[in-house]
Structure formats: C-alpha cells, structure tokens
Amino acid sequence: MMDLDSNNSTKNISAPHYRITQGVGVPIVLLHGWGGSMMSWASLEQRLIDVGHTVVVVDFAGFGMTPEPPINWGIYEYAQSIKVLLDELGCDKYNLIGHSFGGRVCLILGNDKRINNIILSNAAGIKPRRGIKYYAKIWSYKFKKKLEISTSKAGSADYRALSTTMQAVFVKIVNQHLQSHLNSIKANTLIVWGDKDKTTPLYMAKKLNKGIKGSGLIVLKNAGHYSYMEHGDKFFAIVESFFGD
C-alpha cells in the first residue's frame, strides 16, 4: 500500500475542475467512472441539492473540463488530485460516492480520517479473473508485435478512441490492483452493485465486502454496471439513509 503524502510522484499535482453547491451537513463528493464526467451524476446531484446537501462533483483529469494529465499518471496521482481539491475547499469532513473508476479512487482515499462514509457503486480495483480467451489475446498481441504486424486494432473501441496519453494512463491504471488497500479503510463503507454487471462482476463486490471491515453490501436486482442510474430512486434512498447526518 502506498502513502500518498510520501509518494514523490504525487507532488505538485493540482486540483481538477469541480462544481460545489453549498447546502448543509457534511459535503458529499461524487467521483465519476472512466470516460464519464461530472455530468454522469447530474440526476443524483440535483436530487441531493434539492434536499439541502452540500455537493461536490469533479471532472477527473482527461475528462470533462479538466485537461489531460501527464502520461505517467496512475491511480495514485488521480487520488492525490482529489485530496488537493478537498484541502483547497477546507473540508474537515466529507462523504464519498465513487462509481467504477471513481471507486478505485475511493479505495486509495479510504484511510483519510476526514471521511465519514463511503459508497462504492460498481467499483473497479479488484484484480479480475482471467479466462483462456484473455490470455489468447495477449499472446496474439505480443506475437504480432514481435513480427512487426500492425496492432492498431488491439484493445476495445473505447480504448482505441483515447488519445495516446490517455491510453498510457489507462493501461497503468487497470494494472494497479488495490486489494492491499482494503484493510486500511476505516470509514463506514457501503457497497452497492448491480447483479447483472459484466464490467465489474458481482464477485468483485463480494471481495470488497470481505476485505473492508464492517462494510455492507446491497445488490440491486436486474441492474448492470450503471446501477446507480438504472435504479435511481433506490440509489438515492440508499444514499439518504446511509449518509443521514
């Protein structure tokens, strides 16, 4: 496990673009998934504002209105950028909701003593199970590289659509597995998952639940990777209940 404050690669990192709506109580910080932006939270953000919460939404580096990061960035640099923002906002307490990639960032920030509660929504960060098809693709890619055959169509369509910088950042991040951080998370943690999620399958939620002491797990039926959108009413009710100040 890496200590952000002692990691030289996280020095001189600036805060991302953000929006804050002042309300009452402990601020709720919303961290979007890879390829998203603060607009990914538009519905939940508005509902939280309507009932009086202070809400902070961000655009991670390379998304929305925040410029791309340096090519050597990984998950720790993204986490540090959020920590810098919260320091600048003077947050002595805050709640976190992270979806997918945003959940990865929550796992890094999870030992921050200022956190009251964390909700992990279909969070990434657990090492995936790999089948023979995956390893066949890796072998094929390496074989083509060795023979100097074009690999321009390698990877998913989403990956190929990224800039060269963001491709390098993406590769680094997906290979940073975060199981070692789980036992350091002291904040109250609730894991909310869609049972039909194929991007971060349900077994990952169960590993998070087992590794984070005292955490709870809620499985939303007939929901996929964007369960917080697919069951917006239920998710909002869960947030209100869990974060109740």
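The values are calculated or read from the model by the stated rules, or taken from the named source; none is laboratory data. The structure presented is a predicted model; accordingly, all values stated were derived computationally and were not measured. Reconstructed Cβ throughout: ideal geometry from the backbone, glycine too, with neighbour counts over all protein chains shown.
General observations
- Candidates Ile108, Ile138, Ile71 - the one that is at pLDDT 95 or above and either in contact with a helix residue (DSSP H, G or I) (Cβ under 7 Å, 6 or more places away or on another chain) or within 19 Å of His177 (Cβ to Cβ) (or both): Ile108
- If you go through segment 197-226 and keep only what is at pLDDT 95 or above, hydroxyl-bearing (Ser, Thr, Tyr) and over 22 Å from Ser241 (Cα atoms), you end up with Thr200, Tyr203.
- Failed item in (1) farther than 20 Å from Thr199 by Cβ; (2) aromatic (Phe, Trp, Tyr); (3) within 12 Å of the chain's Cα centre (by Cα), with Trp34 passing the rest: (1)
- Of the residues Leu120, Leu162, the single one that is modelled with pLDDT of 95 or more and of a type outside the set (Asp, Glu) is Leu120.
- Qualifying residue in segment 47-60 (condition: over 21 Å from Ala237 (Cα atoms) and of a type in the set (A, V, I, L, M, F, W, C)): yes
- Scanning segment 74-105 for residues that are hydrophobic (A, V, I, L, M, F, W, C) and touching a Pro at 6+ places or on another chain (Cβ under 7 Å), we see that the one that is modelled with the highest pLDDT is Leu85.
- Any chance Ile191 is under 17 Å from the mean Cα position of the chain (by Cα) and at negative phi: yes
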